[in-house]
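Notes follow once the structure below has been shown.
The values are calculated or read from the model by the stated rules, or taken from the named source; none is laboratory data. Bear in mind that the values here come from a model prediction, so they are computed numbers and not experimental data. In this analysis, Cβ positions are derived from the backbone assuming ideal geometry, glycine residues included, and neighbour counts consider all displayed protein chains.
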Ligand SMILES: [Zn+2]
C-alpha cells in the first residue's frame with residue numbers, strides 16, 4: 001500500500017495526488033486567474049482518491065504557512081539590509097515582508113492546501 005505513494009516533498013512541490021502521485025490536484029496548473037486558483041478536482045483523475053474531507057482545515061494550514069513565511073521574509077530582510085534601533089529599518093522590514101507575503105499569497109494558499117491534503121488524506125489509509 002505504501003510503496004506506490006510519492007515522497008512528501010516532491011509530491012507537495014509538484015502538487016500531485018497524495019495517494020498515487022500522478023493526478024494533479026488543481027484544475028488549473030497556473031494560479032491565474034486568481035478567482036479559480038484554489039479550484040480542485042473532486043477526485044483524483046488517476047486513482048479516484050477524494051480531495052475533499054469532512055474537516056477541511058486547509059485555511060488553518062495556510063495561516064501557519066503564512067506565519068512561517070512572514071518570519072522567514074523578516075529574517076531575510078534583516079540579514080540582507082540589516083536592522084537598527086536608530087532608524088526606521090524595522091518598519092521597512094515589516095512593510096517589505098507584508099508586501100512579499102501578499103504577493104506570494106496565491107501560491108502559499110495552494111501550498112497550504114496541498115500540504116493539508118498530504119498530511120490528512122494519507123492518514124486515512
Ligand atoms: Zn491519485
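What the table shows:
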{"item": "Extreme residue, nearest to the ligand (Cβ to nearest atom), among residues of the stretch 25-40 that are assigned to a loop (DSSP other than H, G, I, E, B) and in contact with a helix residue (DSSP H, G or I) (Cβ under 9 Å, 6 or more places away or on another chain)", "result": "25"}
{"item": "For residue 58: the one exception among (1) buried (at least 17 other Cβ atoms within 10 Å of the Cβ); (2) at pLDDT 85 or above; (3) touching a helix residue (DSSP H, G or I) at 6+ places or on another chain (Cβ under 7 Å)", "result": "(2)"}
{"item": "Cβ pairs under 8 Å, 6+ apart, first in the stretch 34-48 and closer than 15 Å to residue 15 by Cβ and in contact (Cβ under 8 Å) with a residue 60 or more places away in the chain, second within 12 Å of the ligand (Cβ to nearest atom) and in a loop (DSSP other than H, G, I, E, B)", "result": "40/25; 40/51"}
{"item": "Of all residues making up the stretch 92-103, the number that are more than 13 Å from residue 63 (Cα to Cα) and either in contact (Cβ under 8 Å) with a residue 24 or more places away in the chain or touching a helix residue (DSSP H, G or I) at 6+ places or on another chain (Cβ under 8 Å) (or both)", "result": "7"}
{"item": "Failed criterion for residue 85 (all others in (1) more than 30 Å from residue 16 (Cα to Cα); (2) at pLDDT below 90; (3) assigned to a helix (DSSP H, G or I) hold)", "result": "(3)"}
{"item": "Residue in the stretch 2-24 that is surrounded by 17 or more Cβ atoms within 10 Å (Cβ to Cβ), in a helix (DSSP H, G or I) and either more than 16 Å from the ligand (Cβ to nearest atom) or at negative phi (or both) present", "result": "yes"}
